[in-house]
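No lab work stands behind these numbers, since they all come straight from the coordinates. As the structure is a computational prediction, the values presented were derived from the model and not from experiment. Cβ atoms come from the backbone with ideal geometry, glycine included; neighbour counts cover every protein chain shown.
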Number of protein chains: 4
Amino acid sequence: MKIAFIGLGNMGSGIARNLIKAGHQLTVYNRTRSRAEELTAEGATVADQPEDAVSKAEVVITSLADDRAVEEIFFPPGNAVTAMPPGSTHISTSTISVKLSRRLTEEHRKRKQDYVSAPVFGRPEAAAAAKLFVVAAGPARLVEKCQPLFDAIGQKTFNVGEEPSNANVLKLAGNFLLTTVIESLAESFALTRKFRIDPNLLLTLLTESLFPVPVYKNYGGMIAANKFEPAGFKLPLGLKDNRLVLAAAEEVAVPMPMASLIRDRFLAAMAMGLSEQDWAAIAHISYKEAGL
Amino acid sequence: MKIAFIGLGNMGSGIARNLIKAGHQLTVYNRTRSRAEELTAEGATVADQPEDAVSKAEVVITSLADDRAVEEIFFPPGNAVTAMPPGSTHISTSTISVKLSRRLTEEHRKRKQDYVSAPVFGRPEAAAAAKLFVVAAGPARLVEKCQPLFDAIGQKTFNVGEEPSNANVLKLAGNFLLTTVIESLAESFALTRKFRIDPNLLLTLLTESLFPVPVYKNYGGMIAANKFEPAGFKLPLGLKDNRLVLAAAEEVAVPMPMASLIRDRFLAAMAMGLSEQDWAAIAHISYKEAGL
Amino acid sequence: MKIAFIGLGNMGSGIARNLIKAGHQLTVYNRTRSRAEELTAEGATVADQPEDAVSKAEVVITSLADDRAVEEIFFPPGNAVTAMPPGSTHISTSTISVKLSRRLTEEHRKRKQDYVSAPVFGRPEAAAAAKLFVVAAGPARLVEKCQPLFDAIGQKTFNVGEEPSNANVLKLAGNFLLTTVIESLAESFALTRKFRIDPNLLLTLLTESLFPVPVYKNYGGMIAANKFEPAGFKLPLGLKDNRLVLAAAEEVAVPMPMASLIRDRFLAAMAMGLSEQDWAAIAHISYKEAGL
Amino acid sequence: MKIAFIGLGNMGSGIARNLIKAGHQLTVYNRTRSRAEELTAEGATVADQPEDAVSKAEVVITSLADDRAVEEIFFPPGNAVTAMPPGSTHISTSTISVKLSRRLTEEHRKRKQDYVSAPVFGRPEAAAAAKLFVVAAGPARLVEKCQPLFDAIGQKTFNVGEEPSNANVLKLAGNFLLTTVIESLAESFALTRKFRIDPNLLLTLLTESLFPVPVYKNYGGMIAANKFEPAGFKLPLGLKDNRLVLAAAEEVAVPMPMASLIRDRFLAAMAMGLSEQDWAAIAHISYKEAGL
């Protein structure tokens, strides 16, 4: 397929490569052009502007950091939404707000374009290894049509229905759950460290009994080692996702006290200057408050 | 080995049966005698009093509900601690306070008896199937001596060092983590339900991607179905364990805001009259506060 | 002085009347025109559009519900900011965001207009009785110039410095403190009611010993009586102010766990359908969670 | 009246002096005898043991730090409850648990003694100046009989009914409210300081508008100055009272999320080594988490 791929960050570059490997023809755009050029060796064409990238695409795939980045590409100044041909499909893999997802649905519909919301779970390594989990929502025939693309980038696709923004709600719920894992581990390690119990004992115990999954192993490992760099997912991005889940919850009047608690952890961590660290660095707060 | 087994509740009866199967000779005691008599068919001897049960035992194993139950057996009126022979070993599998674990360590030491703290993770089904996870702490030679017993009741033993009460700290940390899983799922399901997303979609998504483990499947399943009976572990027991982890944290001056939050959930659930339901019924609070 | 007065809600109409009484010449504008016309008997002139109201004013005073209302008046479609004469002064008494206050500062400066941020404390009765507390910030000579106006509407003016948006920060901090009073009283009354202690006993005790001030008397009285209508300040406005204080706190990376907690109370109250009640109705949540 | 006065700490010594001034005949006991002897110049007799102090008293008044101190005086080893004459009255001014208050009620009743629970609000200066607020509960005729004593030590007595332990519930609710004032001020000062607003501006604004009461002035003053020594009421005592209110709330199944939040503040402050500071020093946590 002729694909325009926009956003070649840690996630996007891995995803784009897997699409090329699967035989698709990619025109790529990235604000920092050098990251786009890295892909020319593999056969991608580099576009100077979002409009150029999308104007002849069958499918436009975006992997962008936040709402603002998406807005700048699709609305002025980027204007990709007006440049996309009628009948083309936008697949958004970014973790954006429920509200923006609805706006994209609407703006594409007006122009007879299709929109599939398809945020993904997985760290950059999983993106590179085509091991992402894809949460796809949109009209059934569309999701079906996109399935080969999802297969090229992920290990599994969850089809979550017709309403695109629901995929974003689910993605935000998932990221919220990840933050609760981090915070609950942080409190547990603070407790056991104060009893002078070797953090690795707790780590082994948890990940070889109740929680034998990468999420607990990775975050538990960081917290046990009290080492949060290099960052897989930076703290300010975590704060952003927390903000989005709280906004979604506010829209439908759902109190989420754990999300509120985690918001305060993120803010404290920002105030402590940890913005270059992995989002698991909120564990510093638990350690500090315990006098560790 | 000649084992005195005390406490034949949902957990204890399964554990005791597995010890009999492994060829050990059990004298059993339970406050409600009928539950003890159920084991005579399998070869157990029933004792009338704790003292009678333990007076000739090499090993005394306890599976009791809480601190008070343990105290009533070992100290007056039960007096098991004075009735146990010197050189015998007490293995406590109960989830008790760090403080009581220390007191037992001391009282047994005074009488030249041994004490191994060995709380277990697993629901009654796991106890019956000898699939428990055993968290054992005590002098190394002792834990080694008890290993065949742990092998008879569990799928894995974690040796967590010489200080018996540390096993209790770790067990409480583990139970705390379970409550955070429940609460975080409750908030996530409340959120997604308000967006009219089928709870089973979220359940499938979570347990087939980030959290493919029984803990998330079981509790997620209950919360998705909004059905908390029959109870695997009743709410007041959850409140008790929460109280114990907060007490342990207070002893070493560790704030655990998630544990505090969950305490308030348990109290609200008690006030709503849910004491016969599974501890996952704290999800009712999230549902109610969301107007569901 | 020739004053344009915009926004004649519960607060604004009282304030406007007091300015007329003090001898000022008012041109008034309100979205719902009938509320403006009520003031003609007292000598006010009614304007059809914000632009008409402000085009000849020396001073423009606003008393509007939220950011959006202010934006619609000053920016398109209202365009008051372009219609105000150079040299005129905008006094904003509304509880708006720190961010919008900064934007107004900037937009007025560009047009050689002056801007004084002067949010007020006090309920509608206080506005009618000229008993407001005015929190004024802006260039010193300006605040001094406006002092006679503040004297006409309030019992006391606090001059809080040159930076207009700081008055908004302080106003938001004050409103935050009010919500903490409400929530703390709610929890206290829930506790004592469960012990079957007459709520009036607690109310009397508190307001005749440690807290002999209207804030505690008013909110304590509502909560003791469990009666939150008629509303002095509606719940959704409380949620709005809570959102503003959390946004301000996020800007400077300050965790405010009590504000987070209160946010969750407001959302639960909204989900319960209490949006027509006084913001003190968040006490319902404490009562409900206590099984009352 | 012949009064036995037990407990001559910061509060007790002021109270005792006022009783002497009012013409009562005091036999005093204090664990550290030197503090008792300071009162001999004013006419008090010093007892060596609690039993000696109470054996001929008409009224026994206690001003002790916590449950343990009261238990050690009234039950073994102190045994005051057995030494008190039938018909004598115990007035407990200490902030003790609801549970201990009930136990004292019962133990005194068995011995035909009377018990009035009369905890007080006020710092040591108020005790010295006979300006305490007395919260009295017990049989009506008894409270009436004790009124002259309350008049001698306080500025006002609140008669809160027949059930002695209800006075303790109300006292704990009051202390809980004080902690919420401290925490809410701490968060407000952290917020405004991050906006570079002079803390004294906020302090003046609050205490000359909405909150013109000593509680806000005193704690606000400490927090504005970021100075918490000398301590009027030490942090560990605050943690103790928080523990008591949470225990009372647990007994009747009332979640108190603000009390939970404050518990975590106290623990963090203890972990930071602030145990010699005033309980308002929990503000350090807000400052620290804000990066101040």
Teacher prompt: C:Lys112 distances to equivalent labels in other copies, 7 Å Cα→Cβ, nm: 5.4, 9.7, 10.3
note: the range C:1-132, Cα-Cα separations exceeding 25 Å make up a percent value of 16 percent
Can you tally the net charge around C:Arg123? Count Lys and Arg as +1, Asp and Glu as -1, for every other residue whose Cβ sits under 15 Å from the Cβ of C:Arg123. 0
Would you mind listing the distances between the C:Ala247 label point and the same position in each other copy? Use 7 Å along Cα-to-C-beta, nm, one decimal, shortest first. 1.1, 4.6, 4.7
The pairs in B:Lys21/B:Lys112; A:Lys131/A:Lys171; B:Lys112/B:Lys145; D:Lys217/D:Lys240 lying past 21 Å Cα-Cα in this model are B:Lys21/B:Lys112; D:Lys217/D:Lys240
Roughly how far apart, in whole Å, are the Cα centres of the range A:200-214 and the range D:193-249? 43 Å
For B:Val254, the net charge from surrounding residues (Cβ-Cβ under 10 Å; K, R +1; D, E -1) works out to -3
Can you list residues from other chains, or at least 5 along the same chain, whose modelled amide H is less than 5 Å from the amide H of C:Val46? C:Val28
Column: log10 I(q)/I(0), Debye, Cα scatterers of the range D:200-269, q = 0.12, 0.23 Å⁻¹: -0.44, -1.02
Residues of the range D:151-166 with backbone nitrogen within less than 20 Å of a virtual label 7 Å along the Cα-to-Cβ line of D:Lys21, please, listed as ranges. D:151-158
The range D:182-227: radius of gyration over Cα atoms, expressed as a fraction of 2.2 N^0.38 Å: 1.00
Unit charges on C-beta of K, R, D, E only; dipole of the protein assembly as shown, Debye: 0 debye
For the range B:1-119, give the magnitude of the charge dipole about the Cα centre (Cβ charges: +1 Lys/Arg, -1 Asp/Glu; no others), in debye to the nearest 20. 280 debye
Send over the per residue convex hull volume for the range A:125-214, Cα only, as a whole number of Å³. 103 Å³
Per-residue HN-Hα couplings for the range C:87-103 [Karplus 6.51, -1.76, 1.60; θ = phi - 60°; Hz; x = Gly/Pro]: x, 7, 10, 9, 10, 9, 9, 6, 8, 10, 6, 4, 5, 5, 4, 5, 5
Of every Cα-Cα pair in chain A, the percent that sits beyond 23 Å: 56 percent
Going residue by residue through the range C:282-292, the Karplus relation 6.51 cos²θ - 1.76 cosθ + 1.60 with θ = phi - 60° gives ³J(HN,Hα) values, rounded to whole Hz and with x marking Gly or Pro, of 4, 4, 3, 5, 4, 5, 5, 5, 8, x, 8
Relative contact order of the range A:2-162: what whole-number percent is it, with Cα pairs under 8 angstrom and at least 6 residues apart? 20 percent
Any chance you could give the angle, 0 to 90 degrees and rounded to 10, that helix A:10-21 forms with the longest Cα principal axis of chain A? 50 degrees
Which distances, in nm and shortest first, link the A:Thr204 label point to the same label point in every other copy, taking 7 Å along Cα→Cβ? 3.9, 6.3, 6.5
Helix-derived mean residue ellipticity, 222 nm - over chain A, DSSP H n ≥ 4, -39500 (n - 2.57), to 500: -16500 deg cm²/dmol
Please give the Cα centre distance for the range A:26-77 versus the range C:105-141, rounded to the nearest Å. 47 Å
Whose Cβ in chain A comes nearest the axis that rotates A onto C, and by how many Å? A:Ser260, 2
Below 8 Å, C-alpha to C-alpha, sequence gap of six or more: please give me the relative contact order for chain C in percent. 14 percent
State, to one decimal in nm², a quarter of the convex hull surface area for the C-alpha atoms of the protein assembly as shown, i.e. the direction-averaged projected area. 50.0 nm²
Going 7 Å from the Cα of C:Lys2 toward and past its Cβ, which residues in the range C:99-113 have a backbone nitrogen under 19 Å from where you end up? C:112-113
Which cross-chain or sequence-distant (5 or more) residues have an amide H under 5 Å from the amide H of B:Ile197, H modelled 1.01 Å from N in plane? none
Average projected area [Cα convex hull, the range B:168-289], square nanometres: 7.4 nm²
Taking the Cα centre of the range D:2-162 as the origin and placing charges on Cβ (Lys, Arg +1; Asp, Glu -1), which of D:Leu100, D:His90, D:Phe158 is farthest toward the positive end of the dipole? D:Phe158
Taking only C-alpha pairs under 8 Å that are 6+ residues apart, what is the relative contact order of the range D:168-289 in percent? 37 percent
With only Lys, Arg, Asp and Glu charged, each at its Cβ (+1 for the first two, -1 for the last two), find how big the charge dipole of the range B:185-292 is about the Cα centre; round to the nearest 20 debye. 240 debye
Quick one: 3J(HN,Hα) in Hz for the range D:232-240, Karplus 6.51/-1.76/1.60 with θ = phi - 60°, rounded, Gly and Pro as x. x, 8, 6, 3, x, 5, x, 4, 4
